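Below you'll find the structure, written out as structure tokens, and then a few comments.
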Amino acid sequence: MNESSKHSSSSKASRSGSPYSFNHQHLLGIAQLNQVEIVDLLDRAEKMIPVSRNPQQIKQTLNGKTQINLFFENSTRTQSSFEIAGKRLGAIVVNMSVKTSSAAKGETLIDMAATLNAMSPDVIVVRHSSAGAVELLSQKVGCSVINAGDGAHEHPTQALLDALTIRKHKKRLNGLIVAICGDIANSRVARSNLMLLNAMNVRTRVIAPKTLLPKGIEHICAEVFTNMDKGLKDVDVVMMLRLQRERTSGALVPSEREYYHFYGLDKRRLALAKSDAIVMHPGPMNRGVEIDPLVADGAQSVINEQVEMGVAVRMAVLDALVGNGAKK
Amino acid sequence: MSNYLLIKNARIIDPASNKDEIGAILVKKSKIVDIISGQAPNAPQDTTIIDAKGLVLAPGLIDTRVFTGEPGHEFRETLSSASKAAAAGGVTSFVTMPDTSPIIDDAALVDFIIRRAKATAKVNILPSAAMTKGLNGRDISEYGLLKQAGAVCFSDGRKSVSSTATLKSAFTYAKNFNMPIINHLLDEGLGANGDVHAGLMATGLGLKGIPYEAETIPLERDLQLAALTKVRYHGAQISCANSVKIIERHKKTNKNISCGVSINNLSLNENYVGSYRTFFKLSPPLRSEDDRQALIAGLNSGAIDIIHSDHDPQDVEGKRRPFAEAANGAIGLEPLLSAALRLYHSEQVDLMTILRAMTINPAKLLKLKSGRLKIGAKADMILIDLNYPFVVKEQEIISRSHNSVFERAKMTGKVIKTFVKGKEIFTLGES
């Protein structure tokens, strides 16, 4: 097991079971966290797993707190995951889906922040299509803000739940080889994961056609591959990304079938990775575009487990920011 | 009022004549009537005398790229408010960009700007007119009539004309009237949706990048057309090392081309964007430090002719947005000279070169009689204290909009007095 959970058993643990108080008002990105804080959040989340499976055990540390899920972009799983996490901890959860015309987005965001702030929530969970929008909103409110995805920038709870899933299966992060495959250029999941995994001394690889690789990517991951067969060799974890349909219309990728042919994860390709490699996907999947259904539902897939870890991670983050784990 | 103005004991720098010496200038009414080396002689009876010991006396600056909000968006900036900011920055003439509401693509509108300027502005205002009708990028506007009305050049402002056919006819037709064409350099497909310089910063922030080729490809195309048509072509503003090389190469064979650089690109690099600071969202974007150094080298080599402010006032609403949705642009009339003097103090560019890029070079491009200290010329002049230290403070910004990239910046060197046609229109410390 990891270092800090050993410590936590011997040190004076707080009511949330962590020796640390989480010293941030917001969770805007993995970039704001150091290795100790990442391990601490993963430890907290791990303690949430059995609790989350057995509602009677839950300490309702968010009792009486108000959580607003403010989603400017459609999301089913992330929004539900945050809602369930908040409710299991006893929070009053309000969901707001704000569909906006692209021209008025910014105005809506600032106005919305002022309006919501006046209702005195304790935490706002925000997803927005523009990079940096969540940070901007956090400057306008007095409560905690959690980034549930901002443009192609960050999606920190996704990276934390991915790391927790990997740690559960591999019992460590340090020294593993993780390959992230697909639309790296437009993916906030890839960015947050690369930052977290780099901080944890994971050997990170990205695999994608050059049109889907952002400039300077070689400086933020260990290895870059454009050939998937070569890139999968020896990896412990294969992390697939969703290929947005609008990218396959010809501008960046000529067609779905060509993409699947060269970058789809099928059984043959998966066999090139380590025999005990696990397969991950942040969802929702395009079966037959980036992943073969047989692999998605196969023995090495941990995709459904990621969803479960998502609730645990979000409970831990909510608790750390506004519950008992928060610095008073 | 005295009939004469004598500024004595000044260090007179006139890039047009390469003069840099201690002396005096005598002004009668609006014109320079004498330039004296060394000790000033006895002045006529009714003379206002300014002892400018320790100060530089230079031609008033000419800024070739200024956006105001007049007509149409006066809440951002009027010709009057821009002219006050200009006066404080030592800018005695500036070119207004045509992308207002309505767009300046008609002789009557050029006339409107000139009349409004005469009625309200403290400095000389030189309207540019739209290169294409309604900035549509397709149909060239009435260059002859616009020139007659007083337009000094043709440009589509923030917009880059990208149709090669339109550019070719615009260049050919402008040559007819010997008028300069100024094109903003941004390939729409490669860069128009971008937010910042395409590099590691952009990747880390998850923002869309504007690659070098979004500038160099249109520049190369424009310069080929310029060689073909022999038009006087001015690349509005370049931002990267590759563009400097391209300009240098074309200048060897074409004497009719020039290019500009914004004080922003000359002073700052992409790192200022930091964590989504929208005040630093500019077009062209702030690029790498290597690019900035290449621009400085280009200024020294003569590849770059003009430094301008790219003054672009934006209200709070336009900037208080998520980065991708925020407006481009920064105000620049007030800090223009002080920011440029940083290059003098860091010993990267000499004073003559800096002043040349903001006086005689723009005057040549626009065929103006100003931009020089010469007997018979209008007395548009500035007194500069090269060593005046100050910090740029938001509450002291004169421009109606406050989107400055130099807020809280420490500067050394400032305009102490500004004269337009012999009249002192700005004095440091007096509002």
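Give the residue that is farthest from B:GLU220 (Cα to Cα), with candidates limited to residues of the stretch B:147-178 that are surrounded by fewer than 20 Cβ atoms within 10 Å (Cβ to Cβ) and hydrophobic (A, V, I, L, M, F, W, C).
B:PHE177
Could you tell me which residue of the stretch A:136-165 is farthest from the other protein chains (Cβ to nearest Cβ), considering only residues that are more than 13 Å from A:VAL313 (Cα to Cα) and assigned to a helix (DSSP H, G or I)?
It comes out as A:SER138.
Any idea which residue in the stretch B:182-191 is surrounded by the fewest Cβ atoms within 10 Å (Cβ to Cβ), counting only those that are hydrophobic (A, V, I, L, M, F, W, C) and closer than 21 Å to B:ARG65 by Cβ?
Filtering the stretch B:182-191 for residues that are hydrophobic (A, V, I, L, M, F, W, C) and closer than 21 Å to B:ARG65 by Cβ, the one surrounded by the fewest Cβ atoms within 10 Å (Cβ to Cβ) comes out as B:LEU186.
In the stretch A:166-190, what count of residues is obtained for those that are touching a Ser or Thr at 6+ places or on another chain (Cβ under 9 Å) and open to solvent by 20 Å² or more (accessible area, probe 1.4 Å)?
2
Residue-wise test of (1) modelled with pLDDT under 95; (2) open to solvent by 20 Å² or more (accessible area, probe 1.4 Å).
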| position | (1), (2) |
| --- | --- |
| B:ILE140 | no, yes |
| B:LEU145 | no, yes |
| B:PRO180 | no, no |
| B:ASN193 | yes, yes |
| B:ILE210 | no, no |
| B:ALA214 | no, no |
| B:PRO218 | no, no |
| B:ARG221 | no, yes |
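Which condition does B:LEU207 not pass, out of (1) within 14 Å of chain A (Cβ to nearest Cβ); (2) aliphatic (A, V, I, L, M); (3) in contact (Cβ under 8 Å) with a residue 40 or more places away in the chain; (4) part of a helix (DSSP H, G or I), if it passes all the others?
Only one criterion is unmet by B:LEU207, namely (4).
Report those helices (runs of 4 or more DSSP H) wholly inside the stretch B:251-369 carrying at least 1 residues which are away from every other protein chain (no Cβ under 14 Å), buried (at least 18 other Cβ atoms within 10 Å of the Cβ) and on the phi < 0 side of the Ramachandran plot.
B:263-267, B:289-301, B:336-345, B:351-356, B:360-366
Please go through the stretch A:218-241 and pick out each residue that is within 21 Å of the chain's Cα centre (by Cα) and modelled with pLDDT of 95 or more.
Those that are within 21 Å of the chain's Cα centre (by Cα) and modelled with pLDDT of 95 or more: A:VAL235, A:ASP236, A:VAL237, A:VAL238, A:MET239, A:MET240, A:LEU241.
Please specify each residue of the stretch A:171-208 satisfying the condition of being in contact (Cβ under 8 Å) with a residue 60 or more places away in the chain and assigned to a strand (DSSP E or B).
Answer for the stretch A:171-208, where residues must be in contact (Cβ under 8 Å) with a residue 60 or more places away in the chain and assigned to a strand (DSSP E or B): A:ILE177, A:VAL178, A:ALA179, A:ILE180, A:CYS181.
What's the number of the condition B:ARG372 fails, among (1) open to solvent by 70 Å² or more (accessible area, probe 1.4 Å); (2) closer than 26 Å to B:ALA10 by Cβ; (3) not in a strand (DSSP E or B)?
Unmet condition: (1).
Can you find a residue in the stretch B:60-77 that is out of contact with any Phe, Trp or Tyr (no Cβ under 6 Å at 6 or more places or on another chain), buried (at least 24 other Cβ atoms within 10 Å of the Cβ), under 28 Å from B:TYR388 (Cβ atoms) and among the small types (Gly, Ala, Ser)?
yes
The values are calculated or read from the model by the stated rules, or taken from the named source; none is laboratory data. Values in this document were obtained by computation on a predicted structure and should not be read as measured data. Methodologically, a virtual Cβ is constructed for each residue, glycine included, from the backbone with ideal geometry; neighbour enumeration extends over all protein chains shown. Ligands, DNA and RNA are excluded from the accessible area calculation, which covers all protein heavy atoms including side chains. Shrake-Rupley method; radii C 1.70, N 1.55, O 1.52, S 1.80 Å.
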